[in-house]
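**Student:** Sharing a structure here in structure tokens format.
The values are calculated or read from the model by the stated rules, or taken from the named source; none is laboratory data. Owing to the predicted nature of the structure, the values given are computational and were not obtained by experimental measurement. Cβ placement follows ideal geometry from the backbone for every residue including glycine, while neighbour counts extend to all protein chains displayed. Ligands, DNA and RNA are stripped out before the accessible areas are found, and what is left, the full protein with its side chains, is counted by its heavy atoms. Shrake-Rupley method; radii C 1.70, N 1.55, O 1.52, S 1.80 Å.
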Amino acid sequence: MKRFIEKHKKLRTALLLVVLMGAGMVIGDGVVTPAMSVLSSVSGLEAAQKRLPNGAVQFISCVILVGLFALQHCGTHKVGFLFAPVVLVWLISIFAIGLYNIIKWNPKVVFALSPHYIVKFFKQTGKDGWISLGGVLLSITGTEAMFADLGHFSASSIRV
């Protein structure tokens with residue numbers, strides 16, 4: 001296949017265009033997704049604080065994004081080290097809020113932890129059950145947006 005493509009100039013050009021388009025999409029995703037995630041997260045301040053001046057949410061979002069992209073050259077391990085406490089607080093908060101709501105509103109929901117229900121669920125849904133379980137995890141924690149979509153790469157991986 002490689003030799004076939006190398007022999008034909010039009011195929012090489014087409015392959016180059018496909019690769020450039022794909023690279024552009026990955027770069028676009030790496031820029032747009034963090035911006036949307038940060039903007040939507042910070043917009044929660046506007047709901048909590050009615051007295052925020054106009055443009056404050058956008059300014060705070062820009063400061064956060066510039067800081068994140070400025071740290072990007074450090075690589076995933078250092079950025080991840082900085083985000084680990086944030087993720088830990090986030091997960092503990094979700095746990096505490098969930099526990100409070102279970103105790104206050106419906107303690108019977110704990111029955112869902114029974115292995116009987118998960119076995120029944122996977123028998124009915126099969127592979128789609130595992131996929132939906134992964135989606136639920138990502139949507140609840142938000143860590144996917146914090147780590148994967150931020151596009152942190154080390155300098156050596158960018159050179160490759």
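**Student:** Just how large is the dipole of the range 62-145 about the Cα centre, in debye to the nearest 20, putting +1 at every Lys and Arg Cβ and -1 at every Asp and Glu Cβ? Let's see the in-between values first.
**Tutor:** Working: 6 positive and 2 negative charges, 60 e Å.
That gives a dipole near 280 debye.
**Student:** Find the accessible area per residue for the chain; the probe is 1.4 Å, ligands and nucleic acids are left out, and the unit is Å². Please list the in-between numbers first.
**Tutor:** On the way: 12660 Å² over 160 residues.
Counting only protein heavy atoms, the per-residue value for the chain is 79 Å².
**Student:** How high is the relative contact order of the range 1-135, in percent, with contacts defined as C-alpha pairs under 8 Å that are six or more residues apart? Mind dumping the intermediate values first?
**Tutor:** Numbers: 27 pairs, mean separation 14.6, N = 135.
11 percent.
**Student:** Please report, in debye to the nearest 20, how large the charge dipole of the range 6-94 is about its Cα centre when each Lys and Arg carries +1 at its beta carbon and each Asp and Glu carries -1 there. All intermediate terms of the calculation are to be shown ahead of the outcome.
**Tutor:** Working: 7 positive and 3 negative charges, 70 e Å.
Result for the range 6-94 is approximately 340 debye, rounded to the nearest 20.
**Student:** Mind checking the angle between helix 9-48 and the chain's longest principal axis? C-alpha axes, 0 to 90 degrees, to the nearest 10.
**Tutor:** 30
**Student:** Sticking with this structure for a sec: Specify the angular offset, from 0 to 90 degrees and rounded to the nearest 10, of the alpha carbon long axis of helix 76-105 from the longest principal axis of the alpha carbons in the chain.
**Tutor:** Taking the Cα atoms of the chain, the angle to 76-105 is about 30 degrees.
**Student:** Let me ask something else. Based on the Cβ-Cβ distance from MET25 to ILE118, what FRET efficiency comes out when R0 is 30 Å, to the nearest 0.05? The partial results should precede the final answer.
**Tutor:** Numbers: r = 37 Å, r/R0 = 1.22.
So the FRET efficiency works out to roughly 0.25.
**Student:** What angle do you read, to the nearest 10 degrees and between 0 and 90, between the alpha-carbon axis of helix 115-125 and the longest principal axis of the chain?
**Tutor:** Long axis of 115-125 versus the principal axis of the chain: about 40 degrees.
**Student:** Quantify, in whole percent, the carbon and sulfur part of the accessible surface of the range 1-133 (1.4 Å probe; protein heavy atoms only).
**Tutor:** Details: 8070 of 10920 Å².
On the range 1-133, the fraction of accessible area on carbon and sulfur atoms equals 74 percent.
**Student:** So, one more: If Lys and Arg each add +1 and Asp and Glu each add -1, what is the summed charge of the other residues whose beta carbon sits under 15 Å from the beta carbon of GLY98? Intermediate values should be presented prior to the final figure.
**Tutor:** Working: positive: LYS104, LYS108; negative: none.
Residues near GLY98 contribute +2 overall.
**Student:** Of the residues ILE92, ILE118, ILE60, which exhibits the maximal mean-square fluctuation in a Gaussian network model of the chain defined by a 10 Å Cα contact cut-off?
**Tutor:** Taking springs between Cα atoms under 10 Å, the residue moving most is ILE118.
**Student:** If I stretch the segment between PHE69 and TRP90 completely, what's the gain in nm (0.36 nm per residue apart, minus their alpha carbon distance), one decimal? Could the numbers behind the result be given before it?
**Tutor:** Numbers: separation 21, 0.36 × 21 = 7.56 nm, distance 2.15 nm.
Length gained, PHE69 through TRP90: 5.4 nm.
**Student:** Answer with one residue from PHE95, VAL57, TYR117: the one whose Cα lies farthest towards the positive end of the charge dipole of the chain, charges on Cβ with Lys, Arg +1 and Asp, Glu -1.
**Tutor:** Among PHE95, VAL57, TYR117, the one farthest towards the positive end of the dipole of the chain is TYR117.
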